């Protein structure tokens, strides 16, 4: 139903970049990846400043394991909206998949600077730190029962908003 609604909106105004982007998200969710990419491409062609379209296309590329393309689109999205914690989180995941753990950590740290409660970035960072056997600076070490506490010691989506 939503797919049809966006189709009608695009029939009325073929230059409606947000409608194209949102239809692309629905097509992604329906596993119509080529059609989703076509919608994202058209949305970006119409409005090259639409950060969400780059992010959403990055999600589709990441799903298709086209990691360099996903990385490129997350980076473009972040150039247009440097507060998007989801883009930092996803770009971090792609950096990790491309064998760049330090860049992954940097993206997750940036996401947590923007939103310290962002659970996905915390979890991703914690998992990576454990994998590489480094202490996660975001984890507090608590003393054993009966011992005095000491200083904290180091220890590691398609979006679908309708705007």
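The values are calculated or read from the model by the stated rules, or taken from the named source; none is laboratory data. In this text the structure is predicted, and so the values were computed from the model without any measurement. Counting neighbours? That spans all protein chains shown, and the Cβs are built from the backbone with ideal geometry, glycine included.
Looking only at helices (runs of 4 or more DSSP H) that fall completely inside region 1-93, which ones have 2 or more residues that are at pLDDT below 95 and surrounded by fewer than 17 Cβ atoms within 10 Å (Cβ to Cβ)?
Ranges flagged: 2-12.
The single condition among (1) more than 17 Å from the chain's Cα centre (by Cα); (2) at pLDDT 85 or above that residue 151 does not meet is (2).
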